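Student: Provided herewith is a single structure, encoded as structure tokens, for subsequent inquiry.
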Ligand code: PEP
Ligand code: MG
């Protein structure tokens, strides 16, 4: 039974806007939208794939697509846009003609599926309804026609079930319960045991249940079925699942979904039928080998649901050699056509192969890199495209510390598995559990513990605890909850919504079943899988050397950056294109940086070395000695230590520049904590302990004497060097003695001495000549010569503004964007992140965290000005960045644009920065950037 559609049989006769496209109308869609991207937007990714396959002569079941524009019209008014439905029914007539079948005709029935498909794949997030066109009459006809009543009744019950669940949101249980009862009554174990009679009986129960819950009979009018289904797919765009997914993946709410109406083909028509899914390459390893599975005599969802054990795709050659060969030929062509790994769905109906879907397959980070590199080697894509296909996040995922695979497996079998939630932010975290933000922060900062903050959910005033912790775990919330968003923003491993966990904030414990974790206990949180374990699982940072594909890709990235003409950097600059250097204080960090591809050290913070246990007492003695003479004596003891430090760095970076920054922090940082010392003094006085009391009292007086109201803006950096030049004089002597010794050992050294926190060129004029004299003296003493530079950090806005003057002395600039951001905004970083940064971002006052990504409009403008002005004075001025922004892809792009020579970042971020630099180079290739400004 079918209502006669009023529309005429061809599409051409329908006037007005085109809402419906037959699969072979791809040219019309291209004409309407002007591009393939536009076609994907109009017809959705799945639709575009079906159109493209139809054009390429791939066997696709006939059908048509209702556009995303129609969906958006429907969402505005709640009804189909004018003309849409008549176009759809007219398209059905064409499909009937092409298949030789008729919709709703029991003697030769056409069945269709109604599938969602948005521009960007949202797997499983929206609705699909199969077997539309079956009713009480058609099912009988189909039984006779196919001589397979079991198949016909099974298909009918699937339709009623899916219809109920997706169109009317009925609980699955309404249908699952009677099915389970039926099977139990007859002693059946699996669905395939069900006979035709059994399915038929179940259909009548399903229909009763449908009426009971929906209020009217299951529609027998097949066009009504199609109308309901189409509306349900449109509506599923605004379903909770779909909205959550869009939030998490930043897909716009305005796109809407298309609806694909596709002739049903059946893989469950006997043993000459089957269905399957496959990837043209292994999505987990990237190996060039088809990976898929199929089931004989089954429908698509049986494979996905895993009701029966599927066979590996290569076995299909035995069952159906002809279809298998055709399948392999088609998938090879599809991969070549799309120049990417394809994820395909197919059905074989009585020996005939039909392709139902093709799309670029989702894959792991490892496989993403391997496939891109292999495809470039196969000349399927260019090297540049391979580089562009890899995101910085992919590289990050490959190099992030991860749980040891075998330890993880062992933990699973050992019974230390605790709970599973949503994998909200990647990475492995091991720490001691604390149940509130203040304690987490305290334990981390004061007790130097590794911590995991556990809360039912988080709020803005928990952020300081989250930032301090190694990882975050919540029992509530999803991928877009506050905890998830903040954790991703700050790169903290995070699992949210582990609902099995019951948190008792009063008892300060959490439980799953009879397992309890108390405050202070160790747990391991895996942000990649969402799993939480009790105890410590070892982590390791993967080595780059073993990742040969990533190495190849990064070498291509470097080659792209260094290409002639890739960037119009000012003439005479010291590097061609943007290079990646690293921040490293110790030789072992420098070695790691070099192995990750760094071609220089952009920042060695020398003061870190002063904190080593055997040196700190000497440093304190130096600070406490009231005069230059006393300081010089103590410093002479430090000199051999520093010389050794620098020697190791030069050796590790043989042939590459090494920038060593002279002492920067205020001296009180090297002294004992004032409050603790006061406590000790008071206790000794109360207990009348005289031994050592006088020394402690003197020390306390000295520390009090060093007190500053705002030490970060006080006696530090070059100001300290001018007040006490002996410290930096010792440091420069150590640098040049080490460099000379290395040179004598055949190592190529390129030391660059960096003066921090300059605000006026006069500071450089005061200090730099003294230091240069020491450099010259050491080279004379040692009778060696090597390249070296003296330069400065640009961390104070005044230095940036007066860069043309600063460059009269400085041979290089390095942007210290941590301080430059603090001082440009007037925010103290710690206070901002703790108190108001998240609110500012939530309120849209700040779009991004300026301490992570360079604020192009303010800090970035200062940098741009400083480079341009600095190079007016000194055209060969070397310019880099060594603030944390040096490892951030967006900031790296800015450095490319304004003509930096290098970015310097933590060794672990070097590979990411190499890739980001190449992306910037490709994005702006040929564009005149620096010169145009
Ligand atoms: C900076 O300010 O960006 C910088 C690198 O120096 P520090 O972080 O050591 O202050
Ligand atoms: Mg600084």
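The values are calculated or read from the model by the stated rules, or taken from the named source; none is laboratory data. Just so we're clear, the structure is a prediction, and the values are computed from it rather than from any experiment. Cβ coordinates were reconstructed from backbone atoms using ideal geometry, including for glycine residues, and neighbour counts include every protein chain displayed.
Student: Would it be correct to say that residue 441 is closer than 25 Å to residue 842 by Cβ and over 19 Å from the mean Cα position of the chain (by Cα)? Break it down stepwise before answering.
Tutor: Numbers: closer than 25 Å to residue 842 by Cβ: yes; over 19 Å from the mean Cα position of the chain (by Cα): yes.
Judged against the criteria, residue 441 is a match.
Student: Report, by residue number, each residue of the range 780-797 that is within 44 Å of the chain's Cα centre (by Cα) and either more than 16 Å from ligand 1 (Cβ to nearest atom) or in a strand (DSSP E or B) (or both). If you could, list the steps in order and put the result at the bottom.
Tutor: Initial filter on the range 780-797 (within 44 Å of the chain's Cα centre (by Cα)): 786-797.
Scanning the range 780-797 gives 786, 787, 788, 789, 790, 791, 792, 793, 794.
Student: Among the residues of the range 697-719, which ones are modelled with pLDDT under 95 and not in a loop (DSSP other than H, G, I, E, B)?
Tutor: 697, 698, 699, 700, 701, 702, 703, 704, 705, 711, 712, 713
Student: Name the residues in the range 752-765 that are more than 16 Å from ligand 2 (Cβ to nearest atom), assigned to a helix (DSSP H, G or I) and surrounded by 15 or more Cβ atoms within 10 Å (Cβ to Cβ), would you?
Tutor: Answer for the range 752-765, where residues must be more than 16 Å from ligand 2 (Cβ to nearest atom), assigned to a helix (DSSP H, G or I) and surrounded by 15 or more Cβ atoms within 10 Å (Cβ to Cβ): 761, 764.
Student: Looking for something within 16 Å of ligand 2 (Cβ to nearest atom) and more than 41 Å from the chain's Cα centre (by Cα) - is there at least one such residue anywhere in the range 729-751? Break it down stepwise before answering.
Tutor: Within the range 729-751, the first condition is being within 16 Å of ligand 2 (Cβ to nearest atom), and the residues that meet it are none.
No: the range 729-751 contains no residue that is within 16 Å of ligand 2 (Cβ to nearest atom) and more than 41 Å from the chain's Cα centre (by Cα).
Student: Being under 17 Å from residue 791 (Cβ atoms) and within 16 Å of ligand 2 (Cβ to nearest atom) is the filter here; which residues of the range 647-675 pass it?
Tutor: Listed by number, the residues that qualify are 659, 660, 661, 662, 663, 664.
Conditions tested, residue by residue: (1) under 45 Å from the mean Cα position of the chain (by Cα); (2) under 18 Å from residue 160 (Cα atoms); (3) modelled with pLDDT under 95.
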| residue | (1), (2), (3) |
| --- | --- |
| 56 | yes, no, yes |
| 61 | yes, no, no |
| 89 | yes, no, no |
| 102 | no, no, no |
| 115 | yes, yes, yes |
| 119 | yes, no, yes |
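Student: Can you name the number of the only condition in (1) buried (at least 18 other Cβ atoms within 10 Å of the Cβ); (2) not in a helix (DSSP H, G or I) that residue 158 fails?
Tutor: It fails just one condition, (2).
Student: Any idea which of 751, 756 is away from ligand 1 (no atom under 16 Å from the Cβ), in contact (Cβ under 8 Å) with a residue 60 or more places away in the chain and within 17 Å of residue 662 (Cα to Cα)?
Tutor: Details: 756 fails: away from ligand 1 (no atom under 16 Å from the Cβ).
Matching residue, one of 751, 756: 751.
Student: Only one of (1) assigned to a loop (DSSP other than H, G, I, E, B); (2) touching a residue at least 40 places away in the same chain (Cβ under 8 Å) is not met by residue 885, so which one is it?
Tutor: Result: residue 885 fails condition (1) only.
Student: Residue 849 versus (1) in a loop (DSSP other than H, G, I, E, B); (2) more than 16 Å from ligand 1 (Cβ to nearest atom): which is the lone unmet condition?
Tutor: Every listed condition holds for residue 849 apart from (2).
Student: Now for a separate question. With the checklist (1) under 30 Å from residue 560 (Cβ atoms); (2) buried (at least 17 other Cβ atoms within 10 Å of the Cβ) in hand, flag the one item residue 418 doesn't pass.
Tutor: Answer for residue 418: the failing condition is (1).
Student: Anything in the range 599-629 that is within 16 Å of ligand 1 (Cβ to nearest atom) and in contact with a strand residue (DSSP E or B) (Cβ under 7 Å, 6 or more places away or on another chain)? List them, or say none. Talk me through it step by step, then tell me what you get.
Tutor: Here is the first cut: in the range 599-629, the ones within 16 Å of ligand 1 (Cβ to nearest atom) are 600-611.
Scanning the range 599-629 gives 600, 601, 602, 603, 604, 605, 606.
Student: Let me ask something else. Pull up the range 181-197, narrow it to residues that are loosely packed, with under 12 Cβ neighbours inside 10 Å and part of a helix (DSSP H, G or I), then point me to the one that is farthest from the chain's Cα centre (by Cα). Quick ask: steps written out before the conclusion?
Tutor: Pass one, the range 181-197, residues loosely packed, with under 12 Cβ neighbours inside 10 Å: 184-185, 187, 189-190, 193.
The next check asks that each one be part of a helix (DSSP H, G or I); those that pass are 184-185, 193.
Details: 184: 47, 185: 50, 193: 45 Å.
Here the answer is 185.
Student: Additional query: Being under 12 Å from residue 428 (Cβ atoms) and either in contact with a helix residue (DSSP H, G or I) (Cβ under 8 Å, 6 or more places away or on another chain) or exposed (fewer than 14 other Cβ atoms within 10 Å of the Cβ) (or both) is the filter here; which residues of the range 491-526 pass it? Lay out the reasoning, then the answer.
Tutor: Within the range 491-526, the subset under 12 Å from residue 428 (Cβ atoms) is 492-495, 523-526.
Hits for the range 491-526 are 492, 493, 494, 524, 526.
Student: Scan the range 410-464 for residues that are in contact (Cβ under 8 Å) with a residue 12 or more places away in the chain and in a loop (DSSP other than H, G, I, E, B) and report the count.
Tutor: So the count comes out to 12.
Student: What number of residues within the range 11-60 satisfy the criterion of being within 17 Å of residue 88 (Cα to Cα), surrounded by fewer than 16 Cβ atoms within 10 Å (Cβ to Cβ) and free of Cβ contacts under 8 Å to residues at least 40 places away in the same chain?
Tutor: Total meeting the criteria: 3.
Student: Further question on the same structure: Looking at (1) within 13 Å of ligand 2 (Cβ to nearest atom); (2) farther than 22 Å from residue 660 by Cβ, which is the one condition that is false for residue 820?
Tutor: (2)
Student: Looking at 800, 777, 807, 832 in this structure, which one is assigned to a helix (DSSP H, G or I), within 14 Å of ligand 2 (Cβ to nearest atom) and either free of Cβ contacts under 8 Å to residues at least 60 places away in the same chain or crowded, with 19+ Cβ neighbours inside 10 Å (or both)?
Tutor: Result: 800 is the single residue among 800, 777, 807, 832 that is assigned to a helix (DSSP H, G or I), within 14 Å of ligand 2 (Cβ to nearest atom) and either free of Cβ contacts under 8 Å to residues at least 60 places away in the same chain or crowded, with 19+ Cβ neighbours inside 10 Å (or both).
Let's see how each residue does on (1) assigned to a helix (DSSP H, G or I); (2) away from ligand 1 (no atom under 16 Å from the Cβ); (3) without any contact (Cβ under 8 Å) to a residue 12 or more places away in the chain; (4) surrounded by 18 or more Cβ atoms within 10 Å (Cβ to Cβ):
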residue: 854; (1), (2), (3), (4): no, no, no, yes
residue: 860; (1), (2), (3), (4): yes, no, no, yes
residue: 866; (1), (2), (3), (4): yes, no, no, yes
residue: 869; (1), (2), (3), (4): yes, yes, no, yes
residue: 893; (1), (2), (3), (4): yes, yes, no, yes
residue: 912; (1), (2), (3), (4): yes, yes, no, yes
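Student: Give me the residue from the range 581-595 that is more than 13 Å from ligand 1 (Cβ to nearest atom) and surrounded by 24 or more Cβ atoms within 10 Å (Cβ to Cβ) and, out of that set, nearest to the chain's Cα centre (by Cα). Break it down into steps so the answer makes sense when it comes.
Tutor: To start, the set of residues in the range 581-595 that are more than 13 Å from ligand 1 (Cβ to nearest atom) comprises 586-595.
Those left that are additionally surrounded by 24 or more Cβ atoms within 10 Å (Cβ to Cβ): 590, 593.
Numbers: 590: 27, 593: 22 Å.
Ranking the candidates gives 593 first.
Student: Would you confirm whether any residue within the range 811-821 is over 27 Å from the mean Cα position of the chain (by Cα), buried (at least 19 other Cβ atoms within 10 Å of the Cβ), more than 13 Å from ligand 1 (Cβ to nearest atom) and in contact (Cβ under 8 Å) with a residue 60 or more places away in the chain?
Tutor: Yes: one or more hits.
Student: Looking only at the range 573-608, filter to residues that are under 21 Å from residue 920 (Cα atoms) and in a strand (DSSP E or B); which one of those is nearest to ligand 2 (Cβ to nearest atom)?
Tutor: The first filter runs over the range 573-608 and keeps only residues under 21 Å from residue 920 (Cα atoms), leaving 573-582, 596-600, 602.
Then keep just the ones that are in a strand (DSSP E or B); that gives 579-582, 602.
Numbers: 579: 21, 580: 20, 581: 17, 582: 17, 602: 13 Å.
In this case the residue turns out to be 602.
Student: May I pose another question? Is one or more of the residues making up the range 850-859 within 16 Å of ligand 2 (Cβ to nearest atom) and out of contact with any helix residue (DSSP H, G or I) (no Cβ under 8 Å at 6 or more places or on another chain)?
Tutor: No, because not a single residue in the range 850-859 is within 16 Å of ligand 2 (Cβ to nearest atom) and out of contact with any helix residue (DSSP H, G or I) (no Cβ under 8 Å at 6 or more places or on another chain).
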